[in-house]
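J.: A single structure is presented below for examination.
All of the numbers you see were taken from the coordinates with simple rules; none came from a lab. Since the structure is predicted, the reported quantities are computational estimates derived from the model, not experimental observations. Ideal geometry is used to build each Cβ from the backbone, glycine not excepted, and the neighbour counts take in all protein chains shown.
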Amino acid sequence: MEVRGRDFIIKAKRLSVLLLAVVFLIIIYSSDRSEKVDMEVFLTSIKLNKTSFKLKINESQPIFATAVYSDDSQKNIMKESNYSTSNASVVAVDNSGTIIGVGVGSANITVKYKEFAETVSITVSDESFNINVKDYGAYGDGRHDDTKSFQQAIDDLAANGGGDVFVPAGTYILQPIFLKPNINLIGENSDTVILKLSNDAPDDYTRLITMDNNTKIQSITCDGNYQNHPNGTEHMHCIFASDKNNLIIEDNTLMNAVGDGISISGSKKNSNYIVISNNTILENQRSQIVIEQANHLLISNNAISSKTGRPGIHFEPWEKMQFYNAVITKNTIVTNSNEYCVLLAGSDSGMAGKSSSGYFFHGIEFSQNSIEGPFCSLLIMDTAGAKVYKNTLYVSDVFVWRKNEDLSVYNNEIRGTNGIRMEGGENGQLVSNRTVIYENTIRSAVDGINITAGAKNTTISDNKFSGLKDGAGVHLFASDDIVNTIVSNNTFKNYFDGVKASSIRKTYIDRLTVTHNDFSDNDGYAMTVQGESHHVKMDSNVITNTSGVFLLLEQAMSMSDISITNNKITGGKRGIYQSQSGKGSLDGLTISGNRISNTTGEKAEGARGAAIEFDIHSNPHKNVSIKENMLRNNAVNEILIPDSLLKSVKDNRIN
């Protein structure tokens, strides 16, 4: 047996302490790094909005199915889950989770997602317990105040466990009324049942109908009577709910509120599981639908309009927290607003500080909607994982503002002044990251896509752009840094420039790739690059009746690692042209494998219009290679460069 001495033990202890100190420092250093290694996030459970449903025959309701993950994030899985019924003669379920009562009885619906399953019980009856407001003395004659009759009917039914308060045809003058849990307010028909706010109602926080948990409003017209409340506040709504769950608002007409047609709000508790469908919502004087603190929304098949310049749908949460899941689909929105038609937003990511990525609304799906608002924007801000797809958008622009992560915009038809406008905020601290824009048809009067004030990791692919000979198909203006942009497989027609990239001093365009695009009939260049620009690649594009590439060096600004390769340039005024505005620098330029033909050779001050031409007065360029290009039938079928670059020209064919 080996015996070790005291000195060895002391050294071992010192080594252990040293190792612990190093580990501690590594942990502290890692915790302070701005780019942390993400822990693996995994699915922990699924949850449903209810454990049981009571339906009437032919009544339908959605089951909200949500996946919950180990980092407390959530995801709408209504379309991704599998559904089955234990008795199809009692209740049916479709592949999106909507259940419908078929026959009297009880059954179960099982919801499966990956390895998890939940079951919900369904009871179907041929009718629910209901009472008639006229049995409580309501007149419905448009003259008498019927508030007491409505509220008494609601209170009595709530005391008996809930049911339907039935409203027959008539015009009912009301002060605010308040639903109780499990009470439904059901009209005979929205064309014949009118609930109108009294002229005598106070001009403050006056909501005609306030909802409670597990309530429904169906087949009524709510008239907020703003004409007789000229001094009313913006908080006077037709329908209001705060911190309430499982709400259904369907088949109604909601109009003329001083405030909103529908306002869903809350504290940090939030309102959850909201269905707003098949309503006509018009001429409410703040917004038609407002969403504040709420999660798990289905807003579908509504006809929304304003001729008084007000928005259609307005998300405005303000609490410092995350929000989850909104499906907004198949709505028609017509407005003459000159600000925004629709606002899809999380809370203010600027409040999150450096310790958090932001307070986002996660998982918004905006699909198959039609917006006619030529003077207003579809505004998207502070979202994560939002999808905007298959919409018809006649708007000023789709405005992506401030900080959005993993936004997808695809398969839309967009017509506007600008197609899509992306803009960062707070000096580059709030910029969109990993935006994907693909397979859209964009017709714009100015820019097809305009990105300014910062962006990261943007992909623009497989879109069809057409313009009016103004602006650019894609315009990058780096007033804050724009990093890692890919423009690929798009068509650009009838703009001034196809792609334009520029910056101000001390900001830059970095890693711009423009590849496999088709540019035709544009008055300027397929690509213009000016200002601070680095790692720019223009490769394998087809350029017809459009000049090729324009590089503009600007005073005290630099370009580096510019690659113009394998492009086919036919027609247009020029092939590849470099000029300057002040003394800038260029270090690293490759022009290789391009085929340039039939350019008209437009001349400019100090330039002869050659197929490839550099400004002879520019500062000396470094690391330039012009090789293996083919020039044919150009008006000035030459390569004109400063003498200092003659050695960079190799193996070109000039016919």
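J.: Cα axis of helix 147-159 to longest principal axis of the chain: angle in degrees, 0 to 90, nearest 10?
T.: 90 degrees
J.: Further question: Give the lysines whose C-alpha is closer than 25 Å to that of LYS114, dropping any in the same chain fewer than 8 places away, or say none.
T.: LYS47, LYS50, LYS75, LYS79, LYS387
J.: Skipping prolines and chain starts, which residues have an amide H placed within reach, meaning under 5 Å, of the one on ASP470, given they are 5 or more residues away or on another chain?
T.: Amide H neighbours of ASP470: PHE496.
J.: Can I ask one more? In nm², what is the average projected area of the convex hull enclosing the Cα atoms of the range 43-125?
T.: If I average the Cα hull's projected area over directions, I get 4.6 nm².
J.: Moving on. Which of the aspartates and glutamates could a cross-linker span from LYS112 if the Cα-Cα distance has to be under 16 Å and same-chain partners fewer than 8 positions apart are dropped?
T.: Partners within reach: GLU80, ASP94.
J.: Using a Cα-Cα cut-off of under 30 Å, which lysines could be cross-linked to LYS568, ignoring same-chain neighbours fewer than 8 residues away?
T.: Hits, sequence-local ones excluded: LYS456, LYS464, LYS469, LYS493, LYS500, LYS537, LYS603, LYS622, LYS627, LYS647, LYS650.
J.: Let me ask something additional. Stretch ASP126-HIS516 to full length: gain in nm at 0.36 nm per residue minus the Cα-Cα span?
T.: Gain in length upon complete extension: 134.2 nm.
J.: Which value at 222 nm does the chain reach when only helices count, each DSSP H run of 4 or more adding -39,500 (n - 2.57), with the total divided by all residues and rounded to the nearest 500 deg cm²/dmol?
T.: Result for the chain, helices only: -2000 deg cm²/dmol.
J.: Apply the Karplus curve 6.51 cos²θ - 1.76 cosθ + 1.60, θ = phi - 60°, to the phi angles in the range 435-444 and return the couplings in whole Hz, x for Gly and Pro.
T.: 7, 10, 10, 8, 6, 9, 10, 10, 10, 9
J.: Taking H as built 1.01 Å from N, whose amide H comes closer than 5 Å to the amide H of ILE77, not counting residues under 5 places away?
T.: For ILE77, whose amide H was placed from the backbone, the distant partners under 5 Å are ALA65, THR66, ALA67.
J.: Residue-wise, which Karplus ³J(HN,Hα) couplings in Hz belong to the range 177-187, taking 6.51 cos²θ - 1.76 cosθ + 1.60, θ = phi - 60°, and x for glycine or proline?
T.: Computed from phi, the couplings for the range 177-187 are 10, 10, 6, 10, x, 6, 10, 10, 9, 10, x Hz.
J.: What net charge do the residues around GLY101 carry, taking every other residue with its C-beta under 15 Å from that of GLY101, with Lys and Arg at +1 and Asp and Glu at -1?
T.: -1
J.: If you take every residue apart from MET381 with its C-beta less than 11 Å away from the C-beta of MET381, what net charge results, scoring Lys and Arg +1 and Asp and Glu -1?
T.: Neighbourhood net charge equals -2.
J.: What number comes out for the charge environment of GLN152, summing +1 per Lys or Arg and -1 per Asp or Glu over other residues with Cβ under 14 Å away?
T.: -2
J.: Further question on the same structure: VAL193's amide H: which non-local residues (gap 5+, or another chain) put their own amide H closer than 5 Å, with H modeled 1.01 Å from N in plane and none for Pro or chain starts?
T.: Result for VAL193 returns GLY170, THR221.
J.: Still on this model: Express in nm, to one decimal, how much length is gained between MET321 and THR110 on full extension, taking 0.36 nm for each residue of separation and deducting their alpha carbon distance.
T.: 72.8 nm
J.: I'd like the distance between the alpha-carbon centres of the range 168-218 and the range 62-89, rounded to an integer number of Å.
T.: 32 Å
J.: Could I ask something else about it? How would TYR577, TYR69, TYR525 line up from fewest to most surrounding beta-carbon atoms within 10 angstrom?
T.: TYR69, TYR577, TYR525
J.: For the range 333-344, just list the computed ³J(HN,Hα) in residue order, Karplus coefficients 6.51, -1.76 and 1.60, θ = phi - 60°, integers in Hz, with x standing in for Gly and Pro.
T.: Along the range 333-344, the couplings run 10, 10, 8, 9, 4, 10, 10, 10, 7, 9, 10, 10 Hz.
J.: Moving on to the next point. State the Cα centre-to-centre distance between the range 450-464 and the range 94-138 in whole Å.
T.: A separation of 45 Å, based on Cα centres.
J.: In degrees between 0 and 90, to the nearest 10, how far off the longest principal axis of the chain does helix 6-32 point, with axes built from Cα atoms?
T.: 80 degrees
J.: Now a separate question. Hey, with R₀ at 41 Å, roughly what FRET efficiency would LYS390 and ASN633 work out to, going by the Cβ-Cβ distance, to 0.05?
T.: 0.40
J.: With an 8 Å cut-off on Cα pairs and a minimum separation of 6 or more residues, tell me the relative contact order of the chain in percent.
T.: Averaging sequence separation for qualifying contacts and normalising by length gives 4 percent for the chain.
J.: Arrange MET630, MET557 by Cβ neighbour counts within 10 Å, fewest through most, would you?
T.: Lowest count first: MET630, MET557.
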